[in-house]
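Chemist: Here's a structure for you.
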Amino acid sequence: MLADILLVCVADCVVGASFGAIAVSGGQPGWVPVAMSLLVFAGGAQFAALGIVLAGGSPIAAALAGLVLNARYLPFGFAVADVVRPTAVGAHVMIDESVAFALAQRDREQARAAYWTCSLALFVIWNVGVVAGVFAGRLIGDPNAFGLDAASPVVLIALVLPALRDRGTLRAAAVGAAVALATTPVLPPGVPVALALVGLLVAGRA
Amino acid sequence: MTIVAILVLAAGTYAFRITGPLLRDRFRPGPRVTRLLAVAASVLLVALAVTSGLTRGHDLAGWSRPAGVLVGAVLAGRKLPFLVVVVAAVATTAGLRLLGVH
């Protein structure tokens, strides 16, 4: 289990670094990615919110998109409620990977150990990666010359791919993406992504 | 990004995270709501990846970025390590621009 957690940490450190670099090379001040990573601590929502702002959308639209993404932590919280104590800290460091590791364990003590090891390690590594990325991003200057603008969409695809094995989810995502793409030429930035939620109408049942 | 927007996102996210552990035995969301939340997250992530990968502003993003994103998506689909996937995508886009393809 420790080896698996370590691998996740290495990967997330790279993702964190790319988040910091993309933010500052897109024109955001350095404290923005650092504050987001410390206070929000959720990769998908952070990239989503940043992407909307960098595309010219409003910060509040970005926050709302991030909140819709993070609504999954509501059911996650019920799923791992028994191992999150002490609750105030345990809830803040709750993250997809630590929930997955905890649910994969057989007994409650192991689940608790897995949850806390993975959560705390990822919280530290993620934030170290973001700070490193902020400094790297400043050195890079024009990120487009280095192809960094291709990084964030690919990160999102890699994160979401396992969930798309579910037929209903794949159908909903395909319809949603088509709607978002078709409305991008005519609607303000951020709105097409929110409109993608009409894809839920074809998600069907589990 | 403004500090107010970051705080709104942070506070709302914390509320989502802490509700389950706090309520524990009193209430649990049904399987339909749980699934709906999970599918909604995936739908939003895919829409964001597709629009930010293929468009810039109100227009298509040219060739180099979509090509890099496509390479990354194919490699991710073949379950290659995360690091390889991201580096290959970035290298493809950078390489095309070096050759003058934008």
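Chemist: Any idea how many residues of the stretch A:180-199 are over 27 Å from A:GLY16 (Cα atoms), open to solvent by less than 40 Å² (accessible area, probe 1.4 Å) and at the interface with chain B (Cβ under 8 Å from one of its Cβ atoms)?
Modeler: Residues in the stretch A:180-199 being over 27 Å from A:GLY16 (Cα atoms), open to solvent by less than 40 Å² (accessible area, probe 1.4 Å) and at the interface with chain B (Cβ under 8 Å from one of its Cβ atoms): 2 in total.
Chemist: Still on this structure, please answer the following. Kindly indicate whether any position in the stretch A:9-28 is buried (at least 20 other Cβ atoms within 10 Å of the Cβ), of a type in the set (Phe, Trp, Tyr) and either facing chain B (nearest Cβ under 7 Å) or farther than 21 Å from A:ALA113 by Cα (or both).
Modeler: yes
Yes or no, residue by residue, for (1) open to solvent by 10 Å² or more (accessible area, probe 1.4 Å); (2) more than 7 Å from every other protein chain (Cβ to nearest Cβ):
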{"residue": "B:GLY20", "(1), (2)": "no, no"}
{"residue": "B:LEU23", "(1), (2)": "yes, yes"}
{"residue": "B:GLY30", "(1), (2)": "yes, yes"}
{"residue": "B:ARG35", "(1), (2)": "yes, no"}
{"residue": "B:GLY62", "(1), (2)": "yes, yes"}
{"residue": "B:ALA73", "(1), (2)": "yes, no"}
{"residue": "B:GLY77", "(1), (2)": "yes, no"}
{"residue": "B:VAL87", "(1), (2)": "yes, yes"}
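Chemist: Could I ask something else about it? Check B:LEU9 against each of (1) open to solvent by less than 50 Å² (accessible area, probe 1.4 Å); (2) on the phi < 0 side of the Ramachandran plot; (3) at pLDDT below 90 and name the one condition it does not meet.
Modeler: (3)
Chemist: Now a separate question. Inside the stretch A:148-168, can you point out the residues that are facing chain B (nearest Cβ under 7 Å) and acidic (Asp, Glu)?
Modeler: Residue satisfying the conditions is A:ASP149 alone.
Chemist: Considering only the stretch A:72-159, give the helices (runs of 4 or more DSSP H) lying wholly within it that have at least 2 residues that are buried (at least 24 other Cβ atoms within 10 Å of the Cβ). Break it down stepwise before answering.
Modeler: Numbers: elements: A:73-79, A:87-92, A:96-103, A:108-140.
By residue number, A:73-79, A:96-103, A:108-140.
Chemist: Given the options A:VAL179, A:VAL131, name the one that is in contact (Cβ under 8 Å) with a residue 40 or more places away in the chain and of a type outside the set (Gly, Ala, Ser). Step through it out loud before you land on a result.
Modeler: Details: A:VAL179 fails: in contact (Cβ under 8 Å) with a residue 40 or more places away in the chain.
Going through A:VAL179, A:VAL131 in turn, the sole match is A:VAL131.
Chemist: Checking A:PRO33 against (1) assigned to a loop (DSSP other than H, G, I, E, B); (2) facing another protein chain (nearest Cβ under 9 Å): exactly one of these is not met. Which one?
Modeler: Looking at each condition in turn, A:PRO33 falls short on (1).
The values are calculated or read from the model by the stated rules, or taken from the named source; none is laboratory data. No experiment lies behind these values; they were computed from the predicted model shown. Ideal geometry is used to build each Cβ from the backbone, glycine not excepted, and the neighbour counts take in all protein chains shown. With ligands, DNA and RNA removed, areas are computed over all heavy atoms of the protein, side chains included. Shrake-Rupley method; radii C 1.70, N 1.55, O 1.52, S 1.80 Å.
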